[in-house]
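Novice: Pasting a structure here, questions to come.
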């Protein structure tokens, strides 16, 4: 009887199949981000009058139709706010909350990171792939599909606040049945963003990750998303499968809406009941975080001049997760997050420029935080 060559042991006593699996796990990125649809952001500084014409609340993010995106982009041309810093008033780049966090981990912190999702075969898809590849993001788990890539208009007002209008419904996206059993195997963290349209995929991803001992991080997306889908979110949180939860102040207050205490602190306590780590960012007031019985409050960096808040929470998450990977204390994780979150708001868009990356490292040095080993 001839032995199956796939089962022949190698020099270490492992079968070829085991060796191949072990090799794949060793090469797996430390962090994987689940972004079902690749997304291209059109980020523009605009005057207040344009924001008055757009349905929905300022500062939030609600889905719109493709015709609405085209209309807003056309209107942007006549509502560009004058730039006093010499920077471009509009930027188009690969984006999306999870992609911003993953790109930050890779480019700013040198953590091997990749994306799981789908990308269209159009020009916007090529732009997304090019941008992420430049920042050394692993795209081997990103499927290219025939169809359009999702797009989002990010409107930034004169004081740096952003209002987002994404168009996702027509775009290609990854479906739950496309996840393979070993897609997260070998990684340490899975980063996700809550979205009602992707609930089936999110639940499937969590189950798959948990089977392989992967920690799961969840961002609450927007106050509108929380408000309109609270039962689904509560079910996900109370499952106990979410290890780390990020929420900004508005999102946090929506989580505890209707309860006796709707403060960010009460929301933090609720999130920490079900998640190992819970973080509520408070904009210019810093952040609060909880792990077990430990609670900390960390101030924002005063030297961070707000030009555009796009990506602030996403890059905060990059820094915080980097801190956890490095084994830092809860307080120091928050401090790293404040440095990385503060770096991205100094320019337009959700990517950190080289100049702002250097600013971030300087702030980390001042706070005696461990710098990443990365070539800049």
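The values are calculated or read from the model by the stated rules, or taken from the named source; none is laboratory data. These numbers come from a predicted model, not from an experiment. As a convention, Cβ positions derive from the backbone with ideal geometry for all residues, glycine included, and neighbour counts pool all protein chains shown.
Novice: In the stretch 230-251, what count of residues is obtained for those that are surrounded by 18 or more Cβ atoms within 10 Å (Cβ to Cβ) and in a loop (DSSP other than H, G, I, E, B)?
Specialist: Here the count works out to 2.
Novice: Based on what the data block shows, is residue 302 surrounded by fewer than 17 Cβ atoms within 10 Å (Cβ to Cβ), part of a loop (DSSP other than H, G, I, E, B) and at pLDDT 95 or above?
Specialist: Details: surrounded by fewer than 17 Cβ atoms within 10 Å (Cβ to Cβ): yes; part of a loop (DSSP other than H, G, I, E, B): yes; at pLDDT 95 or above: no.
Judged against the criteria, residue 302 is not a match.
Novice: Being free of Cβ contacts under 8 Å to residues at least 40 places away in the same chain and touching a helix residue (DSSP H, G or I) at 6+ places or on another chain (Cβ under 8 Å) is true for just one of 314, 332. Which residue is that?
Specialist: Details: 314 fails: free of Cβ contacts under 8 Å to residues at least 40 places away in the same chain.
Matching residue, one of 314, 332: 332.
Novice: Select from the stretch 25-47 the residues that are under 19 Å from residue 131 (Cβ atoms) and outside any strand (DSSP E or B) and list them in ascending order.
Specialist: At the first step, the residues of the stretch 25-47 found to be under 19 Å from residue 131 (Cβ atoms) are 29, 31-44.
Those that are under 19 Å from residue 131 (Cβ atoms) and outside any strand (DSSP E or B): 29, 38.
Novice: Could you tell me which residue of the stretch 1-41 is farthest from residue 122 (Cα to Cα), considering only residues that are modelled with pLDDT of 85 or more and touching a helix residue (DSSP H, G or I) at 6+ places or on another chain (Cβ under 6 Å)?
Specialist: Ranking the candidates gives 31 first.
Novice: Another question, then. Can you run down the residue pairs with Cβ atoms below 6 Å, 6 or more apart or on separate chains, where the first is in the stretch 116-127 and on the phi > 0 side of the Ramachandran plot and free of Cβ contacts under 8 Å to residues at least 40 places away in the same chain and the partner is assigned to a strand (DSSP E or B) and surrounded by fewer than 24 Cβ atoms within 10 Å (Cβ to Cβ)?
Specialist: none
Novice: Where the second residue is outside any loop (DSSP other than H, G, I, E, B) and exposed (fewer than 15 other Cβ atoms within 10 Å of the Cβ) and the first is in contact (Cβ under 8 Å) with a residue 12 or more places away in the chain and at positive phi and lies in the stretch 57-80, which pairs have Cβ atoms under 8 Å and are six or more apart or on separate chains?
Specialist: Partner pairs satisfying both residue conditions: none exist.
Novice: Just to confirm my filter: which helices (runs of 4 or more DSSP H) fall fully inside the stretch 48-122 and include at least 2 residues that are modelled with pLDDT of 85 or more, out of contact with any strand residue (DSSP E or B) (no Cβ under 9 Å at 6 or more places or on another chain) and farther than 22 Å from residue 183 by Cα? If you could, list the steps in order and put the result at the bottom.
Specialist: Details: elements: 48-53, 66-76, 97-109.
Hits in the stretch 48-122: 66-76, 97-109.
Novice: What do you reckon, is residue 284 under 29 Å from residue 135 (Cβ atoms), in a helix (DSSP H, G or I), under 18 Å from the mean Cα position of the chain (by Cα) and in contact (Cβ under 8 Å) with a residue 12 or more places away in the chain? Lay out the reasoning, then the answer.
Specialist: Details: under 29 Å from residue 135 (Cβ atoms): yes; in a helix (DSSP H, G or I): yes; under 18 Å from the mean Cα position of the chain (by Cα): no; in contact (Cβ under 8 Å) with a residue 12 or more places away in the chain: yes.
Judged against the criteria, residue 284 is not a match.
Novice: Tell me which of these residue 276 doesn't satisfy, since it passes every other one: (1) modelled with pLDDT of 95 or more; (2) within 18 Å of residue 194 (Cβ to Cβ); (3) in contact with a strand residue (DSSP E or B) (Cβ under 8 Å, 6 or more places away or on another chain); (4) crowded, with 17+ Cβ neighbours inside 10 Å.
Specialist: Here residue 276 clears every test but (4).
Novice: Let me ask something else. Name the single residue, out of those in the stretch 146-202 being modelled with pLDDT of 95 or more, assigned to a helix (DSSP H, G or I) and surrounded by fewer than 20 Cβ atoms within 10 Å (Cβ to Cβ), that is nearest to the chain's Cα centre (by Cα).
Specialist: Per the criteria, the residue is 199.
Novice: Quick one: residue 323 ticks every box in (1) under 17 Å from residue 362 (Cα atoms); (2) in contact (Cβ under 8 Å) with a residue 12 or more places away in the chain; (3) surrounded by fewer than 20 Cβ atoms within 10 Å (Cβ to Cβ) bar one, so which box is it?
Specialist: That leaves (3) as the condition not met.
Novice: Might you let me know whether the stretch 48-59 holds any residue that is buried (at least 17 other Cβ atoms within 10 Å of the Cβ) and farther than 19 Å from residue 348 by Cα?
Specialist: yes
Novice: Only residues that are under 18 Å from the mean Cα position of the chain (by Cα), farther than 15 Å from residue 96 by Cβ and in contact (Cβ under 8 Å) with a residue 12 or more places away in the chain: list them for the stretch 128-140, please.
Specialist: Answer for the stretch 128-140, where residues must be under 18 Å from the mean Cα position of the chain (by Cα), farther than 15 Å from residue 96 by Cβ and in contact (Cβ under 8 Å) with a residue 12 or more places away in the chain: 136, 138.
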